[in-house]
1. Taking the convex hull of the alpha carbon atoms in the range 46-163, what volume per residue do you get, in Å³?
2. Can you list the HN-Hα couplings for the range 552-569, worked out from phi with the Karplus curve (6.51, -1.76, 1.60; θ = phi - 60°), rounded to whole Hz and with x for Gly and Pro?
3. Under a point spin-label approximation (7 Å from Cα along Cα-to-Cβ), what is the ASN294-GLU511 distance to one decimal in nm?
4. From a point 7 Å beyond the Cα of GLU24 in the direction of its Cβ, which residues of the range 407-429 have a backbone N at a distance under 20 Å?
5. So if R0 is 30 Å, what FRET efficiency would ARG416 and ASN436 give, r being the distance between their Cβ atoms, rounded to the nearest 0.05?
6. Along Cα→Cβ, 7 Å out, is where each label goes; now give me the distance between the ones at ARG139 and GLU401 in nm to one decimal.
7. Tell me what the chain gives for mean residue ellipticity at 222 nm when only DSSP H runs of n ≥ 4 count, each as -39,500 (n - 2.57), the sum divided by the residue total, rounded to 500 deg cm²/dmol.
8. Taking the C-alpha atoms of the range 481-632, how large are the radius of gyration and the largest Cα-Cα span, Dmax, in Å?
Amino acid sequence: MSTNPFFSRSALEYELPDFANLKEEHYKEAFYEGTKAQLDEVEAIIASGEPTFENTIVALEKSGQILNRMLMVFYNKSSSDTNDNLDAIEEEIAPKLSAHQDAIKLNPALYSRIKSLHEKKGSLALSPEDAWLLDKYYRDFVYAGAHLTQDQRNELTKINERLSFLETQFSKNLLADTNESALVIDSVAQLAGLSEGEIQAAADAAKARGLEGKYLLGMVNFTGNPMLESLEVRATREAVMKASLLRGNRDNEYDTKKILIEMATLRATRATLFGKKTHGQYIIAEQTAGSVENVHAMLRKIAPAAVRNARAEGAEIQAMITSSGDDFELASWDWDFYTEKVRKAKHNIDSSAMRPYFELERVLHDGVFFAADKLFGISFKERPDLVTYHPEARAFEVFNEDGSKLGLFIGDFYTRDSKRGGAWMNNLVDQNFLFNQLPVVCNNLNIPKPAAGQPTLLTYDEIVTLFHEFGHALHGLLSSVTYPRVSGTSVQRDFVEFPSQVNEMWILWPEVVSNYAKHHETGEQLPQELIDRLQGASTFNEGHATTSYLAAAILDLAWHSLEDGQVVDDVVAFEAQAIKDYGLDYHAVPTRYRSTYFSHIFAGGYSAGYYGYIWSEVLDAESVEWFKDNGGLTRKNGDHFRAELLSRGGSIDSMTMFKNFRGREATITPLLKRRGLE
């Protein structure tokens, strides 16, 4: 009998994976056993006689449990705490997983059963959720290519396997190059402007790499670095920004250019198999946007005003540089530093002075959890006795108002060399009634770890990220559906960011901010006048933020508007032209992600989908207005949001779900107003 923890459902509370007994060799063993078992289950489905909803669709939902358990744990681990062994495992299994999934979704006999059920759906007397699940499976199989000819399916399988391998390589190379790109500083004088805690953390990071007496500034996921707003030495700022912009593009062993070009080329070729001209057409047809043209129509309403505002902001910054007695032209590495000076001059806001009021534990317990309790009546209890996948990953039980168990939340907040950049949410267990499972949900962030014994003081942007990712966690925790396929965040990709963005509205809500924004030493509340100034400055620097984001979204669409046979030889020139063609080229505002470190689209499942953040924000802005019009942070409002949207997962059409919640379709006006782009 194998002792592999993945071979059976966990006996631990909430079916938390048995991390205490999990060994790295268990991953591969479970992968190969799990793929074999699922293929056997599929063969049994095909041989089960006349197709019914139970013996085909429900049976498919029940299949692959060993594999699913292993994949959910493995990909969370490889994202948040990888090593050479896990990288090697991922490199081995990624193309095999793609081939396995194709072996199921391109199986003509299995597709025939699903198609026959779909054609007579109206006579099957299915519940609305069952009927929707049948639709989902049918569309999944068509979208995967089950309807194609045998030759086309064979070609598709080869392309998918190669793309899966390349995605793994891109992610692996980028993590390695991001770590190598960390800036080594020789003198503390070069770090002038940073706090004592930040300087000590940089010293500790250098020491951990054997660089005693030096200082290490690590790179982050996006272009730039939060420390740019504090660093007084311009040469240091320039070095940080240039190191950030060159990740994946240093012509070394970790360079990603050839990888991403091949990926874009293969995606374009694959699209032709589905009768589409481009990968973008293939992807967006299945999203709420419906077409590439609809996406561009929305983005072009925003882009001109965004870059106009960014240039106006740049002019203000240039004036501040000149008035400070400096004689140089504004560059991207100056933006954050002088923006803080402009912010202070215009709104009397000093971001660094507010950080002592934003201590992580208070923000988490008295802000994030507090708001969730007020809205949904849920409470949290930390469980340090539960073993998670890393010592820094903390487990919290989540309870409904009546004391019944809702699920388990795992928070993994600190950056480390073994964790990929950015912030994200994963499930370790999906909520569903089919197996009577409660959700186990993880949030991963990349907050710099303070020096030993020092508090974790957050920037305002880090607070936004904490609330945002917890919005995803709520989507998973509050799910109440029958089937794993439609659990929690299993919605269309350009809809998934919407609930998480809504959760950001509580950051400065009076009842919430007064509860968490307290000085970590004195307990003094953040003065109301500072809160008022933050709210008054809500559109400050939005030109920069929107232009930077849109440039990345356009870059994504440009790569995925390539047609089969089009060749890109120069990645840098291609991306520059794409951004220029949209009128977003402004030297002081670089794209949020350059191609060579754009993990969202080349390793993270967001290809032709990065527009989804602002597409979802249209719904978010509408929803924030609804909450405000109906009294804000109340149980009545939370219960309505939970019942009509969060609990439904992907069990009904996304836009129908939104209309059921909002009472009407969305308009773009609230978004333009929020971003100061009217």
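1. Details: hull volume 14.1 nm³, N = 118.
Cα-based convex hull of the range 46-163, divided per residue, equals 120 Å³.
2. 5, 4, 5, 4, 4, 5, 5, 4, 9, 9, 5, 9, 4, x, 5, 10, 10, 9
3. 3.6
4. So the set is 416-421.
5. Details: r = 35 Å, r/R0 = 1.18.
FRET efficiency, ARG416 to ASN436: 0.25.
6. 3.4
7. Details: 26 runs with 349 residues, N = 678.
About -16500 deg cm²/dmol.
8. Gyration radius and largest Cα-Cα distance of the range 481-632: 19.8, 64 Å.
Each reported figure results from applying straightforward, stated rules to the coordinates on display, with no laboratory input. Predicted, not measured: the structure shown is a model, and the values here were computed from it. No Cβ is skipped: glycine too gets one built from the backbone with ideal geometry, and neighbour counts run over all protein chains shown.
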